[in-house]
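Remarks on the structure that follows.
The values are calculated or read from the model by the stated rules, or taken from the named source; none is laboratory data. These numbers come from a predicted model, not from an experiment. No Cβ is skipped: glycine too gets one built from the backbone with ideal geometry, and neighbour counts run over all protein chains shown. What goes into the accessible areas is simple: the full protein's heavy atoms, side chains included, and nothing from ligands, DNA or RNA. Shrake-Rupley method; radii C 1.70, N 1.55, O 1.52, S 1.80 Å.
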Amino acid sequence: MKKAVYIRFTIILLIVGFMLAVQYNTVKNPETRDTRDIWAIRQELARETELHSELLSEVRMLEQTIGKYENMRNESPEIALNDTVNQLKKDIGIEPFNGPGLTINVKPSLESIAMGQEIEGISPDLLIRLVNEINRFKAKAVEIDGKRIIYSSAIRDVNGKTTVNNLAIRNAPFTIKIGTTSFEDAKKMYNQLEASAIGDDFYIDNLTLEIGDPENNLTISGYDQSVNNQFLQEIPGGE
């Protein structure tokens, strides 16, 4: 009889202990709530709407390309293929870019010049941050000190020198060219870069970013090295 009472008492204690543990965990780790105000939520909604609009634009462009190819395939498949290849070369960066954009001049800061400080080259981390910031604002083409940035471009430190595409970047001053889809996008890029905090990071390294006015006609050289195509295979004719 006493054994059965002890068993029941033990089970009750286990249940009470489990309930206390659950309650303690709930109090210690409360459910995360969205504490953003209306303005922050509106900004997030605006960003999502903009992303949705960009995706729709890309879908329409791809549909137009497919429709164009279908129309030309029966009449002249060679022209359709060449047109597609040329467009892909432009998108990748192999062909030169001519269109709207702006130029950034990377220069030593006035304070460092006045104090006679030695100006070191830009660090790879800082340059990567700038490129990421530019790409975040939807750049169509980027050229750093005459070196075209493409999907496989690498920015790294080689023997104490910052390199792009395995070519060393000069110490400041040097230029960065940014191509955009339209002149309106170039103006947006200008305003966004002016408002960005990336300039403060450059100032810490005794460098300044001088952002030029948007231009209608900006020329950016094409990628002049061999493109890595290790994941592509040529299909024999007839397949």
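Consider segment 197-232 and keep the residues that are polar (S, T, N, Q) and farther than 26 Å from Ser152 by Cβ. The one that is modelled with the lowest pLDDT is Asn206. Residues in segment 148-158 that are open to solvent by 30 Å² or more (accessible area, probe 1.4 Å), under 30 Å from Glu58 (Cβ atoms) and not small (Gly, Ala, Ser): Ile149, Tyr151, Ile155.
Does segment 26-39 contain any residue that is in contact with a Ser or Thr (Cβ under 7 Å, 6 or more places away or on another chain), open to solvent by 100 Å² or more (accessible area, probe 1.4 Å) and either under 30 Å from Pro173 (Cα atoms) or modelled with pLDDT under 75 (or both)? Taking every residue of segment 26-39 in turn, none turns out to be in contact with a Ser or Thr (Cβ under 7 Å, 6 or more places away or on another chain), open to solvent by 100 Å² or more (accessible area, probe 1.4 Å) and either under 30 Å from Pro173 (Cα atoms) or modelled with pLDDT under 75 (or both).
For Ser112, the requirement of being small (Gly, Ala, Ser), surrounded by fewer than 21 Cβ atoms within 10 Å (Cβ to Cβ) and assigned to a loop (DSSP other than H, G, I, E, B) is not met. Within segment 159-185, being outside any loop (DSSP other than H, G, I, E, B) and either within 20 Å of Glu215 (Cα to Cα) or open to solvent by 60 Å² or more (accessible area, probe 1.4 Å) (or both) holds for Lys161, Leu167, Phe174, Thr175, Ile176, Lys177, Ile178, Gly179, Phe183, Glu184, Asp185.
Of all the criteria given as (1) open to solvent by 90 Å² or more (accessible area, probe 1.4 Å); (2) at pLDDT below 75, the one not satisfied by Glu70 is (1). Only residues that are more than 24 Å from Leu88 (Cα to Cα) and not hydroxyl-bearing (Ser, Thr, Tyr): list them for segment 146-165, please. Arg156, Asp157, Val158, Asn159, Gly160, Lys161, listed by residue number. Looking for something more than 27 Å from Val227 (Cβ to Cβ), under 16 Å from the mean Cα position of the chain (by Cα) and buried (at least 18 other Cβ atoms within 10 Å of the Cβ) - is there at least one such residue anywhere in segment 193-204? Checking segment 193-204: at least one residue is more than 27 Å from Val227 (Cβ to Cβ), under 16 Å from the mean Cα position of the chain (by Cα) and buried (at least 18 other Cβ atoms within 10 Å of the Cβ).
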